[in-house]
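Below is one structure, written out as structure tokens, with a few remarks after it.
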Amino acid sequence: MKTDPISILLNKNFKFDKKFYLVVGNEITLIEVIKKLILNHYSGLESFDLEFIKNIKMASGEIGLFGANKLYILDDLLNIDKNQLDSISNQLDVFIFASETTPKTRLLKNIILKRPDSCLIECYELTKDQKISILSDWLNKTGVDLDKSGYWSILDRTDNRYGLFKKELDKISELSQTKIDNDLVEKIITKGSNNINKIFFEINKSNHDLVNIYNQKVSNYNEFNEFFFSAKQFCFLIINNFDEHSFSNNIPKYLFRERSFLIEMFKKYTPKKKNILLELLVDTEKNIRKNSDLSVVLGLRFLLNIKKITIS
């Protein structure tokens, strides 16, 4: 079976009744939180002893001290197959497999999904709906009276990684104030610079929307630098690969959600358009060196030119 990690986070009475838990994805902070919740559940039971092991072959299958069973935690998912899981499925031990998504996790995911004694928990950056669920739960628990503008400001300004999103909510909690408005939210919460690299993936939007998105996230030289650095990486990924297969293989793992967007974008680039994109990068860097005080404006022009090249 497959379970949404947010349903585990928000449900104190979530039923942990599986033998194998596979916690994978590209969002490390969420993987660690979910792993800890499972660990805390079984560690709180006197019938289980905790044991960290390198791989599944190290699972002894022996009853622990005073007759306790084992909660095994593994981070090496190599060479785990159906037969191995079948061979230990009758034991009372429980296994947590936790890892970032890699090619070697795909086979195990397929195996886990087919087993009634197993649970797959995929952890990726939070969607807006997931952030809404977490924020609503936080408001109910804290009793904070948050105005509408502050509510949407929190969702827009905060990072999509669970650990960083939760950290911002904790900062508000430390104020011990029952009434929060948007002005206070903007003073407390750091502008979501961690999402600046996401601007690149908005180029299919209208120019009006693209300009608004850019202006909301980039307002100074440091924010421009963060945007330009990430955009250059994506541009050189397109320029330096000559076929779709090699391009796909070179997309960083953390860009799981953007993979299909990047592949479709790559398909639009002929050798001629790659040369134009390279010239744009070089010209923009030259202009920035000469006019660093105009970096924000030059960054917007750079973004709109990328869109123009892409759709031409």
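Annotation for Ile276 and Ile311: the two label points, set 7 Å from Cα along the Cα-Cβ direction, are 1.3 nm apart. Relative to the longest principal axis of the Cα atoms of the chain, helix 28-43 runs at roughly 10 degrees.
Cross-link partners for Lys179 among the aspartates and glutamates, with Cα-Cα distance under 14 Å and sequence neighbours closer than 8 places in the same chain left out: Asp145, Asp147. Only the Cβ atoms of Lys and Arg (+1) and of Asp and Glu (-1) were treated as charged; on that basis the dipole of segment 5-123 about its Cα centre amounts to roughly 340 debye.
Note on the chain: helix-only mean residue ellipticity at 222 nm, from DSSP H runs of 4+ residues weighted -39500 (n - 2.57) and normalised by residue number, equals -16500 deg cm²/dmol. Residues of segment 73-106 with an amide N closer than 16 Å to a point placed 7 Å from the Cα of Phe52 along the Cα-to-Cβ direction: 73-77, 96-100. Partner aspartates and glutamates whose Cα lies under 19 Å from the Cα of Lys114, excluding those fewer than 8 positions away in the same chain, are identified as Asp4, Asp17, Asp81, Asp86, Glu122. Legend: residue pairs Lys12/Lys128; Lys2/Lys104; Lys2/Lys171; Lys19/Lys128, Cα-Cα distance threshold 25 Å; pairs beyond threshold, Lys2/Lys171; Lys19/Lys128. When the chain is described by a simple charge dipole with +1 on each Lys and Arg Cβ and -1 on each Asp and Glu Cβ, the residue from Ile56, Phe201, Val23 located farthest towards its positive end is Phe201. Based on C-alpha pairs under 8 angstrom that are at least 6 apart in sequence, segment 193-311 has a relative contact order of 34 percent.
Under the combined filter of DSSP loop state and at most 14 neighbouring Cβ atoms within 10 Å, segment 93-199 retains these trypsin sites (Lys or Arg not before Pro): Lys114. For Kirkwood radius over Cα pairs in Å, computed directly from the structure shown, the correct entry in (i) 22.5; (ii) 23.3; (iii) 21.8 is (i). Other residues lying with their Cβ under 11 Å from the Cβ of Leu169 contribute a combined charge of +1, Lys and Arg counting +1, Asp and Glu -1. Extension gain, Ile188 to Ser206: 0.36 nm times the residue separation minus the Cα-Cα distance gives 3.3 nm.
Against the main long axis of the alpha-carbon atoms of the chain, helix 295-311 sits at an angle near 80°.
Magnitude of the charge dipole for segment 193-311, about its Cα centre and with charges confined to Cβ atoms of Lys, Arg (+1) and Asp, Glu (-1), is about 200 debye.
Using Cβ point charges alone (K and R +1, D and E -1), the dipole size of segment 1-52 about the Cα centre works out to roughly 200 debye.
Here's the list of aspartates and glutamates a cross-link from Lys141 could span, going by alpha-carbon distance under 19 Å and ignoring same-chain residues fewer than 8 apart: Asp129, Glu168, Asp170, Glu174, Asp181.
FYI, it's all coordinate maths here, none of it is from the lab. Since this is a predicted model, take the numbers as computed values, not measurements. When we count neighbours, we look across all protein chains shown, and the Cβ atoms used for this are built from the backbone with ideal geometry, even at glycine.
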